[in-house]
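These notes concern the structure reproduced below.
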Amino acid sequence: MTDTPNVAAPKPTIRDVASAAGVSKSLVSLVLQGSANVSESRRRAVLEAMEQLGYRPNRLAQRLSGPRSGTVGVMLNDIRNPWFVELLEGLTASLHAAGVSPVLADSYTDNRVGRSSVETLLEQRIDGLVVVGTTLESAAIEDASRNIPVVLAGTREPELPGVDIVVNDDDAGARQATEHLLHLGHRRIAHLQGPGIVGRLRRESFERSLLDAGLEPVVVSGGVSEESAYAAATRLLSRPGRPTAIFAYNDIACIGALSAADDQGLAVPGDLSLVGYDNTYLAKIRHLSLTSVDNGNLAVGVEAGKFILERLTTPDLPARLHQVPSRLQVRGSSGDAPREG
């Protein structure tokens, strides 16, 4: 699915400036480059035309017309999260096929030492930037997008003009997970909510599915890490009328809930069914065997690579949203709802 924003009024171009100043486009380019081979009278005429027309030079196009480094920065939210593995595989495959090398930075590690991953990557003179996962560096990403192409992969923020977004269909994925539990007969289902727009979309889909079934959704924050999920699940499972199923924001949170169930002597899936999200390699470990939503991370990475490569040559493309289909992978952590009494 591709969404195209409303088309704004045409901006003045170099051709417009050249016409208004009575000079050639090449001379306007020389003025923009600060060349000394331009007479003062013609320079003044060009600058006055730019002022009258409200022309703003496209620094991104100027940068891309010059020599390139042949590298693209890849900023990861937290390299410890296993869902990055397949996404990076798809992304690097696209980049390497085009002769472009990725330069990786871990936002989690950089933030802990007071460093900006975006600034670190820009210092490497990258040609473009791919942001993977929700990050705290929205302002720095916005600044970077004014000078180099930026693509978001596996995250929907920050939403910026001229920045592409490649994600899975979070609404459909959360609905598949919730309806799976409903079909198994569960009526007390809780959701461990994660951060950002992605977390909100999955929560809203979960809530709609339960309300459509005439049930009251239970949502608690706890999808950020295994530790926070463990604490949230422990609280849920300790209270009267505890849930018989939990849909977690991701596989890491699902493992936290699995540990909480084990500590309270609850059998999975006999007493408690669990569903994660991302279908990482952790979900496939036989001892864990997590039912999980496959969010097409490999395809997300491949498409993100294609988008950033396209923007390297055509930076003025309209912002695009590409959603990869989600698919539920059923394993051993989900089963029929336990009989009451």
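Data for the structure
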item	result
Cα-projected label distance for Glu119 with Gln52, points at 7 Å along beta-carbon direction, nm	4.2 nm
Gained length - Val330 relative to Thr314, 0.36 nm times residue gap less alpha-carbon distance	1.6 nm
Reach of Lys284 by Cα under 16 Å, taken over aspartates and glutamates that are not fewer than 8 positions away in the same chain	Glu86, Asp251, Asp294
Total formal charge among the other residues, if their Cβ is under 12 angstrom from that of Ser221, Lys/Arg +1 and Asp/Glu -1	+3
Whole-angstrom Cα spans of the chain along principal axes, big to small	92, 37, 34
Convex hull of the stretch 237-283 built on C-alpha atoms - directionally averaged projected area, nm²	3.1 nm²
Dipole magnitude of the stretch 113-199, debye to nearest 20 (Cβ charges: Lys/Arg +1, Asp/Glu -1, about Cα centre)	420 debye
Asn250 long-range amide H proximity, modeled H, under 5 Å	Tyr277
Gain on full stretching of the segment that runs from Asp271 to His96 - 0.36 nm per residue minus C-alpha separation	58.2 nm
Gain upon complete extension [Val219, His287; 0.36 nm per residue less C-alpha separation]	21.8 nm
Rounded to the nearest 20 debye, dipole of the chain from Cβ charges on Lys, Arg, Asp, Glu	660 debye
Using alpha carbons only: equivalent-ellipsoid semi-axes of the stretch 281-341, gyration tensor based, whole Å	39, 14, 6
Gaussian network model of the chain, Cα within-10 Å springs - most flexible of Asn168, Asn111, Asn250	Asn111
Taking the C-alpha atoms of the stretch 126-212, convex hull volume expressed per residue in Å³	93 Å³
Accessible surface of the stretch 231-341 [probe 1.4 Å, protein heavy atoms]: carbon and sulfur percent	53 percent
Coarse-grained scattering of the stretch 80-225 at q = 0.14, 0.19 Å⁻¹, given as base-10 log I(q)/I(0) from a Debye sum over alpha-carbon atoms	-0.77, -1.15
The stretch 180-296: relative contact order in percent, alpha carbon pairs under 8 Å with at least 6 residues between	23 percent
Positive-end extreme of charge dipole, the chain - chosen from Val219, Ile126, Cys254 (charges on Cβ)	Ile126
Average Cα contact separation per residue, the stretch 79-181, under 8 Å, 6 or more apart, as relative contact order %	17 percent
Sites Ser238 and Asn111, calculated FRET efficiency, Cβ-Cβ separation with R0 56 Å, nearest 0.05	0.95
For the chain, built as a Gaussian network whose Cα springs stay under 10 Å, the top-fluctuating residue of Lys284, Lys11, Lys306	Lys11
Dipole in debye (nearest 20) - the stretch 291-341, about Cα centre, beta carbon charges: Lys, Arg +1; Asp, Glu -1	60 debye
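The values are calculated or read from the model by the stated rules, or taken from the named source; none is laboratory data. Just so we're clear, the structure is a prediction, and the values are computed from it rather than from any experiment. Reconstructed Cβ throughout: ideal geometry from the backbone, glycine too, with neighbour counts over all protein chains shown. Surface areas here come from the heavy atoms of the whole protein model, side chains and all, with no ligands, DNA or RNA. Shrake-Rupley method; radii C 1.70, N 1.55, O 1.52, S 1.80 Å.
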